[in-house]
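A.B. asks: Below you'll find the structure I mean.
The values are calculated or read from the model by the stated rules, or taken from the named source; none is laboratory data. These numbers were taken from a predicted model, which means no experiment stands behind them. When we count neighbours, we look across all protein chains shown, and the Cβ atoms used for this are built from the backbone with ideal geometry, even at glycine.
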């Protein structure tokens, strides 16, 4: 019986020591939210250059009918202009798509110059495709779309069905 009481006493003693070592305090979420709201309220008041919130809140006045009619007519006019602009832009875009396309085909340059002897190595893992576009359009704003087309022959010896193509500008 004495051992039982002694063990209970030691357990309670150690529990109080363990709890006293903890430096964490519980977080009261309501208090935290109140402090946060007060901080935001203080920031708003400082932006408005006020020391305290105003005591009186004036009742909102009724908006005169003239102001409402001006607002409505302005809104309708802006909506009409936006619709007109969208329709005009759509017509111009369709004309540009029909008339302004110029397609240039650029052939691949020879892998090696005619007077050079090609090296004897051949890589199964990569190929370098060279082409010169320096004589083409210099204004990049006129370029809308560029395509790099590669015809891939089926390789029955290939272990995977996909290939990765990386493009680099030199």
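A.B. asks: Between 13, 107, 28, which is surrounded by fewer than 10 Cβ atoms within 10 Å (Cβ to Cβ) and modelled with pLDDT under 85?
C.D. replies: Every option except 107 fails the conditions.
A.B. asks: Still on this structure: Given the residues 69, 94, which is the only one that is surrounded by 10 or more Cβ atoms within 10 Å (Cβ to Cβ), at pLDDT below 70, outside any loop (DSSP other than H, G, I, E, B) and out of contact with any strand residue (DSSP E or B) (no Cβ under 7 Å at 6 or more places or on another chain)?
C.D. replies: On the way: 69 fails: at pLDDT below 70.
Going through 69, 94 in turn, just one is surrounded by 10 or more Cβ atoms within 10 Å (Cβ to Cβ), at pLDDT below 70, outside any loop (DSSP other than H, G, I, E, B) and out of contact with any strand residue (DSSP E or B) (no Cβ under 7 Å at 6 or more places or on another chain): 94.
A.B. asks: I've got another one for you. Would you mind stating whether residue 113 is over 37 Å from the mean Cα position of the chain (by Cα), within 30 Å of residue 136 (Cα to Cα) and modelled with pLDDT under 90?
C.D. replies: So residue 113 passes the test.
A.B. asks: If residue 50 satisfies all but one of (1) surrounded by 10 or more Cβ atoms within 10 Å (Cβ to Cβ); (2) part of a helix (DSSP H, G or I); (3) at pLDDT 80 or above, what's the number of the condition it fails?
C.D. replies: (2)
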